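Taking it in order: structure first as structure tokens, then the write-up.
The values are calculated or read from the model by the stated rules, or taken from the named source; none is laboratory data. Quick caveat: nothing in here was measured; it's all calculated off a predicted structure. Backbone-built Cβ (ideal geometry, glycine too); neighbour counts: all protein chains shown. Protein only, heavy atoms only, side chains kept; ligands, DNA and RNA dropped before computing areas. Shrake-Rupley method; radii C 1.70, N 1.55, O 1.52, S 1.80 Å.
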Amino acid sequence: MNPLCKPNEHALSRRQWLGGMGGAAAAGALGGLVSPAVGEVLKQKEKQVLFIWLDGGMSQLESWDPKPNTQFGGPFRSIPTKLPGIHVSELMPRMAKKMDKICLVRAMRTQDNSHSAGVPRIQRGDPKNRGVIYPYFGSAVAQLMGPTASGLPPYVWVKPGSGGFKPTDAGFLGPKYGALAFGDGQPPPNFLRPATLSPEQDTARNELRRAFNFNYAQPRRKANNEANTYVFDTAEILLKRREIFDTSKYPQKEKDRYGNHLLGQHMLIGRKLLEAGCRFVKVNSYGWDTHGDHFNGTVSLVNRFDQAFAAVLEDLEATGQLDHTLVIAMSEFGRTPRINGHAGRDHWPEAWTIALAGCGINAGAVIGATNAQGTFVKGDEYDIGHMFHTWFRALGINPDAVEFDNGGQPLPIAHDDMGVIPGVLA
Amino acid sequence: MKPGAGVSVERPMRPIIFICALLPVLAGWAAESLSQRIDKLIAAKAGRQPLAEPASDSEFLRRVYLDFTGQIPTAEGARKFLANPSADKRAKLIDQLFADARWAETMADRFHVLLMERRGEEEEWRKWLVASFKANKPWDAMAREMLAPEGTDAAKAGAWFFITKRLEKYGQNPTDHPGLTRDVGRMFMGVDLQCAQCHRHLTVKDYKQLDFQGLYAAYSNLRLQNPNDTIKVKWAMESLLKKEMEFGSVFSETKKTTGPRVPFGVPITIPEFKKGEEWAVKPDKKKGVSGRLKFSPLREIATRMATPENPYFARNIANRAWFLMMGRGLIEPLDLTHTKNPPSHPELLDLLAKELVAHKFDLKWLFRELARTQTYQRSSVLPKGGAPEHLFASAKERPIAAEPLLRSVLLATGERDRVTKLDEEDAHSLKSFGDLFQGAFANAPREPELAVTPTLKAALFLRNNEALLWLVQRREGNLVDRLIKLKEPAKIANEAFLTLLARNPSDAERAMVKSFLQKQPTLQNAVGDLVWALLSSTEFFVNH
């Protein structure tokens with residue numbers, strides 16, 4: 001078992017987190033901000049999450065669960081991996097060499113076969129319908145674990161397209177647990193200090209603001225001023241990490257290794273955000289919904305994913321961060337074994353694969369299997385609710401003991417008819 | 001002493017003593033105002049919990065200005081009020097602000113945010129809200145106009161927005177009839193029946209599926225329509241309801257039926273009409289006639305829901321009015337009224353509801369009574385040892401919505417007139433600032449704004465937004481200009497605090513300002529930064 005990540009070790013409650021937040025805010029008020037975070041977070045070995053979302057549905061048959069030379073197998077071969085007897089698609093040569101670092105669950109069977117229902121329901125862990133909108137995994141982690149000691153926003157999202165504040169991910173937890181999205185890898189509006197304002201002047205005016213706030217809040221209830229202090233300090237901490245968003249300064253070699261494509265560059269930014277100390281980093285890739293010309297499309301999609309995923313795992317491992325970072329790579333469903341009339345594959349929630357690595361995960365395990373043609377799961381099948389149980393446990397949160405509090409109504413953090421997937425946790 | 005001498009002296013006294021002793025009792029319930037009775041009940045419940053001091057003149061002034069004019073007072077106004085020695089200046093100010101034209105506008109703003117939860121704006125809706133508050137339309141009448149809008153009456157058409165905005169599709173979601181049904185329950189009865197849509201409520205015993213479905217029978221029956229000749233706004237067509245709606249719990253196989261029904265009320269029988277005789281006015285799309293049903297479930301619901309006979313209705317608005325004034329409802333959450341979630345002050349909520357009914361749902365009267373209470377006029381500075389929120393022993397900090405915050409910022413920085421004159425396209429026009437402030441400080445659509453919620457986006461906006469920082473640059477006649485001309489740090493501090501916070505700085509604060517101004521290389525930047533630091537302070541950001 002990984003000594004750093006014992007499940008159940010610290011079941012975190014909301015109260016603890018709020019206490020932690022107050023502490024961080026107080027530290028900010030007491031002269032100066034937390035020192036540059038990389039070292040801090042590494043030192044603290046706080047648990048983090050890298051969540052890679054391949055939007056539209058990655059084909060399991062052209063990636064983690066190939067069935068070459070079968071009716072639905074498609075044109076690609078499979079290749080042996082670091083794990084004896086385990087093969088992956090030839091489109092993943094880099095990950096084939098790293099299979100001992102990850103865990104595959106090849107027995108996913110979920111409920112939704114449309115994007116509009118699947119994307120949110122999968123990311124919300126598809127809890128029973130309780131008449132409330134459940135938070136996405138990132139918002140759930142942000143609420144249950146809070147920001148790390150870095151003080152950086154706990155849930156950030158690197159994605160193509162628009163950025164900004166995405167409150168809806170948070171569901172009933174409320175907008176403050178939403179995602180801070182770096183659209184096209186760019187920081188949010190008003191992120192940079194205007195050129196007309198010198199850093200010294202900025203520091204001075206903020207010191208004055210803090211002093212006024214201190215006077216005001218002293219005899220009053222503390223919560224509002226603490227929250228206000230926290231967001232102002234977070235803005236400052238983010239600003240200090242602005243080099244993360246200036247990819248022009250990244251070494252060319254590093255950029256090449258992740259791949260000169262959106263997913264590669266966004267994965268690289270994602271890694272830097274993890275290093276800086278964001279609790280939960282989601283990296284999005286779009287365009288996986290290959291209903292037509294699937295095989296040509298898949299060559300480049302899977303290749304890019306293979307490159308970026310292998311690179312980020314390598315780096316997280318090299319810095320020791322993988323030990324306390326839960327890594328998840330998945331879509332809202334897999335793709336049909338049946339090949340349609342446009343040489344495409346459609347949506348298939350019946351039998352697909354999720355890849356996991358890092359914190360608390362049994363590296364080198366391949367859990368569950370599909371039948372010979374890859375059409376259905378053979379043996380035990382797992383829903384996304386099982387996966388949420390497994391993830392929370394990997395992060396040291398016990399879903400049987402920890403609940404959400406929806407204005408007095410206790411709600412389970414993961415589907416209460418399900419449990420951990422056997423064999424996945426270290 | 002002769003016997004009897006004492007008696008002759010004492011005799012006339014007796015009736016006097018008797019009357020004196022009875023006076024409070026006799027006059028008590030007849031002459032004691034609602035505000036006095038509220039304070040008694042709050043004090044009784046607080047028991048030995050110490051109460052906060054009365055708010056300072058500054059705190060009071062800023063609070064009533066934000067609550068009833070939608071912006072902070074001017075420096076001049078603050079100076080005059082603070083200097084005024086008269087004992088009844090607070091009561092007089094309340095009367096003055098309740099007579100101000102801005103009262104109706106501000107109420108309209110606050111009810112808009114409360115009722116629409118940032119779904120969007122609409123001119124006719126706003127006009128209707130303002131006109132309603134201006135005329136001091138009773139709340140039950142306002143509610144009926146929203147619940148069953150009479151679109152053909154131009155003066156009432158704006159009320160359609162409550163329903164129609166909720167029938168608009170957003171994202172990939174289907175038309176949200178359940179959401180509309182839920183909000184009718186939440187906003188007008190203080191009950192969130194959403195969880196009882198598909199089965200009995202799992203945590204609230206009082207809420208039955210029938211309670212949701214009876215309301216749903218009326219509000220699922222609506223289809224969004226574009227404006228026409230008779231109704232100048234978007235409206236919704238009510239379909240003919242001939243029979244009861246069937247529903248069943250997902251937990252059982254049994255099917256039940258219901259006609260339109262106010263939650264916890266009696267079912268409304270659906271009358272039978274001969275075919276072709278269902279309409280009082282037949283709808284005619286070509287001629288732009290919207291039609292009028294003889295039996296309208298909406299009208300039936302509206303007349304039965306918004307009435308003194310429905311105890312939930314009066315208690316809901318009493319609780320919401322209390323919330324708007326005190327920052328916390330007597331029942332929390334505002335929309336979770338049920339037996340297992342009693343009010344913090346049951347007698348008080350009963351009293352407010354009863355008095356409101358006796359005053360024919362006169363909200364202006366209720367808000368004025370609330371404004372006159374010591375409870376409202378308490379300081380947010382905690383008494384020694386603190387005070388639990390639910391006792392209302394001290395004032396609670398409340399959020400300032402994006403719009404009053406912008407008005408206050410423009411007023412304080414002395415840029416309002418300049419900004420108002422600029423072309424809409426200008427980066428510093430009123431419209432530009434309106435958009436910026438909504439973006440930075442308003443919640444996302446469908447998120448209620450109930451508490452002070454500092455956010456990262458607001459902090460980034462205040463710290464770095466160029467238009468915001470433009471307001472604290474020196475320009476002819478603006479606040480920074482005025483302050484620079486004062487030269488002396490103490491005068492600058494006084495004027496800045498009075499303008500932004502409606503109070504004088506403490507000696508410590510004056511010293512802080514002085515040392516800050518002296519340390520900075522140029523007075524010009526330094527004064528701008530001082531104004532910025534006050535604008536970005538927690539004290540400015542909340543209504544305390």
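Name the pairs: first residue in segment A:76-97 and surrounded by 15 or more Cβ atoms within 10 Å (Cβ to Cβ), second residue of a type in the set (Phe, Trp, Tyr), Cβ to Cβ under 7 Å, at least 6 apart or on different chains?
Listed pairs, sorted by first residue: A:Val88/A:Trp64; A:Ser89/A:Phe76; A:Glu90/A:Phe76; A:Leu91/A:Phe76; A:Met95/A:Phe309.
Only one of B:Leu129, B:Leu115 is within 24 Å of B:Asp100 (Cβ to Cβ) and in contact with a His (Cβ under 8 Å, 6 or more places away or on another chain); which?
Details: B:Leu115 fails: in contact with a His (Cβ under 8 Å, 6 or more places away or on another chain).
The match here is B:Leu129.
So, in segment A:108-147, how many residues would count as being open to solvent by 10 Å² or more (accessible area, probe 1.4 Å), in contact with a strand residue (DSSP E or B) (Cβ under 7 Å, 6 or more places away or on another chain) and at pLDDT 90 or above?
1
Is it the case, given these coordinates, that A:Asp306 is among the charged types (D, E, K, R) and free of Cβ contacts under 8 Å to residues at least 60 places away in the same chain? Reasoning before the result, please.
Values: among the charged types (D, E, K, R): yes; free of Cβ contacts under 8 Å to residues at least 60 places away in the same chain: no.
Answer is no for this residue.
Can you pull out the residues in segment A:230-262 that are open to solvent by less than 20 Å² (accessible area, probe 1.4 Å), of a type in the set (Ser, Thr, Tyr) and at the interface with chain B (Cβ under 8 Å from one of its Cβ atoms)?
Answer for segment A:230-262, where residues must be open to solvent by less than 20 Å² (accessible area, probe 1.4 Å), of a type in the set (Ser, Thr, Tyr) and at the interface with chain B (Cβ under 8 Å from one of its Cβ atoms): just A:Thr234.
Considering each of B:Gly158, B:Gly185, B:Gly179 in turn, give the residue that is touching a Lys or Arg at 6+ places or on another chain (Cβ under 7 Å), within 14 Å of chain A (Cβ to nearest Cβ) and either under 21 Å from B:Glu300 (Cβ atoms) or not in a loop (DSSP other than H, G, I, E, B) (or both). Lay out the reasoning, then the answer.
Working: B:Gly158 fails: within 14 Å of chain A (Cβ to nearest Cβ); B:Gly185 fails: touching a Lys or Arg at 6+ places or on another chain (Cβ under 7 Å).
B:Gly179 is the lone residue from the list that is touching a Lys or Arg at 6+ places or on another chain (Cβ under 7 Å), within 14 Å of chain A (Cβ to nearest Cβ) and either under 21 Å from B:Glu300 (Cβ atoms) or not in a loop (DSSP other than H, G, I, E, B) (or both).
Using the structure shown, decide if A:Gly164 is under 30 Å from B:Val452 (Cβ atoms), more than 8 Å from chain B (Cβ to nearest Cβ), open to solvent by less than 60 Å² (accessible area, probe 1.4 Å) and not charged (D, E, K, R). Full working, then the answer.
Details: under 30 Å from B:Val452 (Cβ atoms): yes; more than 8 Å from chain B (Cβ to nearest Cβ): no; open to solvent by less than 60 Å² (accessible area, probe 1.4 Å): yes; not charged (D, E, K, R): yes.
So A:Gly164 does not fit the description; no.
Output the qualifying pairs, or none if there are none: Cβ atoms under 9 angstrom, residues six or more apart or on different chains, first residue in segment B:470-487 and touching a residue at least 24 places away in the same chain (Cβ under 8 Å), second residue exposed (fewer than 15 other Cβ atoms within 10 Å of the Cβ).
B:Trp470/B:Ala427; B:Gln473/A:Thr196; B:Gln473/B:Gln524; B:Arg474/B:Gln524; B:Gly477/B:Asp417; B:Val480/B:Gln524; B:Leu483/B:Lys491; B:Ile484/B:Gln524
Does segment B:111-124 include one or more residues that are surrounded by 16 or more Cβ atoms within 10 Å (Cβ to Cβ), closer than 22 Å to B:Pro311 by Cβ and in contact with an Asp or Glu (Cβ under 6 Å, 6 or more places away or on another chain)?
No, segment B:111-124 has no match at all.
Is at least one residue of segment A:330-345 under 17 Å from A:Met108 (Cβ atoms), open to solvent by 10 Å² or more (accessible area, probe 1.4 Å) and either in a strand (DSSP E or B) or in contact (Cβ under 8 Å) with a residue 40 or more places away in the chain (or both)?
Yes, segment A:330-345 contains a residue that is under 17 Å from A:Met108 (Cβ atoms), open to solvent by 10 Å² or more (accessible area, probe 1.4 Å) and either in a strand (DSSP E or B) or in contact (Cβ under 8 Å) with a residue 40 or more places away in the chain (or both).
Could you look through segment A:171-199, keep only residues that are part of a helix (DSSP H, G or I) and facing chain B (nearest Cβ under 7 Å), and pick out the one that is modelled with the lowest pLDDT? So that I can check it myself, show each step before the final result.
Going through segment A:171-199, the residues part of a helix (DSSP H, G or I) turn out to be A:171-173, A:175-177, A:199.
Add one more test, that the residue is facing chain B (nearest Cβ under 7 Å), and what stays is A:175-176.
Details: A:Pro175: 77, A:Lys176: 80.
Out of the qualifying residues, it is A:Pro175.
Being within 14 Å of chain B (Cβ to nearest Cβ) and among the aliphatic types (A, V, I, L, M) narrows it down to one residue among A:Ala276, A:Ala223; which is it? Working first, answer last.
Numbers: A:Ala276 fails: within 14 Å of chain B (Cβ to nearest Cβ).
Of the residues listed, the single one that is within 14 Å of chain B (Cβ to nearest Cβ) and among the aliphatic types (A, V, I, L, M) is A:Ala223.
Residue pairs, Cβ under 9 Å, 6 or more apart or interchain, first in segment B:48-64 and farther than 12 Å from B:Ala78 by Cβ and of a type outside the set (A, V, I, L, M), second in a helix (DSSP H, G or I) and open to solvent by 10 Å² or more (accessible area, probe 1.4 Å). List them.
B:Gln49/B:Leu391
List the helices (runs of 4 or more DSSP H) inside segment B:468-530, counting only whole elements, that have at least 1 residues being open to solvent by less than 50 Å² (accessible area, probe 1.4 Å), among the β-branched types (Val, Ile, Thr) and within 10 Å of another protein chain (Cβ to nearest Cβ).
Numbers: elements: B:479-486, B:489-501, B:507-519.
The helices (runs of 4 or more DSSP H) meeting that bar are B:507-519.
Looking only at residues in segment A:148-161 that are outside any strand (DSSP E or B) and within 13 Å of another protein chain (Cβ to nearest Cβ), which one is surrounded by the most Cβ atoms within 10 Å (Cβ to Cβ)?
From segment A:148-161, those outside any strand (DSSP E or B) are A:148-154, A:160-161; that's our starting set.
From the residues that got through so far, the ones that are within 13 Å of another protein chain (Cβ to nearest Cβ) too are A:151-154.
Numbers: A:Gly151: 23, A:Leu152: 23, A:Pro153: 25, A:Pro154: 29.
Among those residues, the one meeting the criterion is A:Pro154.
Filter segment A:284-294 for residues that are more than 21 Å from A:Gln123 (Cα to Cα) and surrounded by fewer than 17 Cβ atoms within 10 Å (Cβ to Cβ) and give the result.
A:Gly292, A:Asp293
Looking for whichever is farther than 28 Å from A:Gly364 by Cα and under 18 Å from the mean Cα position of the chain (by Cα) here; the options are A:Gly138, A:Gly178. Which one fits? Give the derivation first.
Numbers: A:Gly138 fails: farther than 28 Å from A:Gly364 by Cα.
Only one candidate qualifies: A:Gly178.
State the number of residues belonging to segment B:188-214 that are part of a helix (DSSP H, G or I) and crowded, with 23+ Cβ neighbours inside 10 Å.
Selection size over segment B:188-214: 8.
Output the residues belonging to segment A:379-397 that are open to solvent by 30 Å² or more (accessible area, probe 1.4 Å) and in contact (Cβ under 8 Å) with a residue 60 or more places away in the chain.
Of all residues in segment A:379-397, those open to solvent by 30 Å² or more (accessible area, probe 1.4 Å) come to A:379-381, A:386, A:393.
Hits for segment A:379-397 are A:Gly379, A:Asp380, A:Glu381, A:Arg393.
So which helices (runs of 4 or more DSSP H) are wholly in segment B:357-439 and hold at least 2 residues that are surrounded by fewer than 22 Cβ atoms within 10 Å (Cβ to Cβ) and touching a residue at least 24 places away in the same chain (Cβ under 8 Å)? It would help to see each step written out before you state the result.
Numbers: elements: B:363-372, B:402-413, B:416-421.
Qualifying helices (runs of 4 or more DSSP H): B:363-372, B:402-413.
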